[in-house]
Amino acid sequence: MSAILSIRDLHKTYAGGFQALKGVSLDIEQGEILALLGPNGAGKTTLISTVCGITTPSGGSVTVGGYDIITEFRGARSLIGLVPQEVNLQPFETVLNTVRFSRGLFGRPRDDAHVEKVLRTLSLWDKKDNQITTLSGGMKRRVLIAKALSHEPRVLFLDEPTAGVDVDLRKDMWDTVADLKADGVTIILTTHYIEEAEAIADRVGVITRGELLLVEEKRALMARMGRKQLEVQLNERLDSIPAGLAHLDLELAETGDALVYSYDIHAPRTGITGLLNGIAEAGLTLRDLQTRQSSLEEIFVDLVKGDAS
């Protein structure tokens, strides 16, 4: 696949001297979903605003579908749809007219069939004649997505798309994103919900303090940086970890009847054999064993902590 969005050495410094972006470079392929993770103030929204032409870069370059965002702004912007964090809609306008009007802003001819398709995809067709003010928060967010898709963009930015949305609507939104990907739309989303990135992204980017720490295929990232935990459930309760096991990376569960052992899945030796031998030498008896892989959230927290230290 070819890159539909290319960012090269992008900088943004505000008038007060604050550096929001520090040399960000990134290629995003056509039809992929990239999740951009980072703490508040990391530069996620500034990056999106710059690519979309809302904020002027201080240095570097960005092309969308081959169009430069500065010298060929109209061509670049016509390929981009943006769903902002803030719900800013005309409260007394209908859903249908809101989406139609947004299409017209991009100079696209009226196409009721396309508008209907977008509204049906987002489960908004039965609300088409409702005023925006009558909709729930989740439905308003769907209208924002419909507006962004009205002019048939090939790149869609979702800035915290499910903020304030309940769990059921969030999962519906994930299904919608999957459908858009199937139609060939490239999607870049920022999110505070790590499970959102874990559920739908192809690649994950981590940004903090205006710098892109990494961009990697999600499964490869979890395999490379993930750790596993082995929970050894015991038949007896302990007040503390036995002295013979103190040298191991062990934690005692709050219930006292389980030991939790962390290990690197890629290490030449996991240490599990020594752990089990040590448990037997301590006179403990096993009830069960369970393992779990570290989540993307834990990996993200470790990355950001490592950058801050």
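With all distinct Cα pairs included, what does the Kirkwood hydrodynamic radius of the range 112-204 come out to in Å, to one decimal, could you say?
Working: mean 1/r = 0.0731 Å⁻¹.
Across the range 112-204, the inverse of the average 1/r is 13.7 Å.
Work from the charge dipole of the chain (Cβ charges, +1 for Lys and Arg, -1 for Asp and Glu, about the Cα centre) and give the residue of Ser61, Thr176, Ala35 farthest towards its positive end.
Ser61
Points 7 angstrom from Cα along the Cβ direction at Asp129 and Leu276: gap in nanometres?
Roughly 6.9 nm, to one decimal.
Enter the angle in degrees (range 0 to 90, nearest 10) between the Cα long axis of helix 137-149 and the first principal axis of the Cα atoms of the chain, meaning the one along which they spread out most.
Relative to the chain, helix 137-149 is tipped by roughly 60 degrees.
Taking Cα pairs under 8 Å and at least six residues apart, what relative contact order does the range 187-241 come out at, in percent?
On the way: 25 pairs, mean separation 10.9, N = 55.
RCO, the range 187-241: 20 percent.
To make sure I understand the rule: partners must be lysines, Cα under 29 Å from the Cα of Lys127, and not fewer than 8 residues away in the same chain. Which ones qualify?
Counting by Cα, and skipping residues close in sequence, Lys127 has these lysines nearby: Lys117, Lys140, Lys147, Lys171, Lys181.
Can you tell me the relative contact order of the range 3-222? Whole percent, Cα pairs under 8 Å, sequence separation 6 or more. Present the calculation step by step, with values, prior to reporting the outcome.
On the way: 415 pairs, mean separation 64.1, N = 220.
29 percent.
Given H placed on each backbone N at 1.01 Å, which residues far from Ser58 in sequence or on other chains put an amide H within less than 5 Å of it?
His11, Lys12, Thr13
Using only Cα atoms, tell me the angle between helix 296-308 and the longest principal axis of the chain; keep it within 0 to 90° and round to the nearest 10.
90 degrees
In nm, what is the difference between 0.36 nm times the number of residues separating Lys228 and His11 and their Cα-Cα distance? Before the final figure, lay out each step's value.
Working: separation 217, 0.36 × 217 = 78.12 nm, distance 3.77 nm.
Answer, rounded to one decimal: 74.3 nm.
Take the Cα gyration tensor of the chain, multiply each eigenvalue by 5, square-root it, and list the three semi-axes largest first, rounded to whole angstrom. The partial results should precede the final answer.
Values: eigenvalues 422, 116, 51 Å².
Semi-axes, largest first: 46, 24, 16 Å.
Rounding to the nearest 10 and keeping the result within 0 to 90°, find how far the Cα-based axis of helix 272-281 lies from the longest principal axis of the chain.
With rounding to tens, the tilt is 40 degrees.
If you look at just the Cα atoms of the range 201-259, how large are its Rg and its Dmax in Å?
Here Rg and the maximum Cα pair distance are 18.3, 50 Å.
Write down the percent of antiparallel bridges among all DSSP beta bridges whose residues are both part of the chain, to the nearest 5.
Values: 39 of 56 bridges.
Here the antiparallel bridges make up roughly 70 percent for the chain.
When the helices in the chain are scored as -39500 (n - 2.57) per DSSP H run of 4 or longer and the sum is shared across all residues, what 222 nm value do you end up with, to the nearest 500 deg cm²/dmol?
Working: 10 runs with 102 residues, N = 309.
The helix-only estimate for the chain comes to -10000 deg cm²/dmol at 222 nm.
The numbers here are math on the coordinates, done by the rules we state, and not lab data. What you are looking at is a predicted structure, and each value in this text was computed from that prediction instead of being measured. Here Cβ is always computed from backbone atoms with ideal geometry, including for glycine, and neighbour counts include all displayed protein chains.
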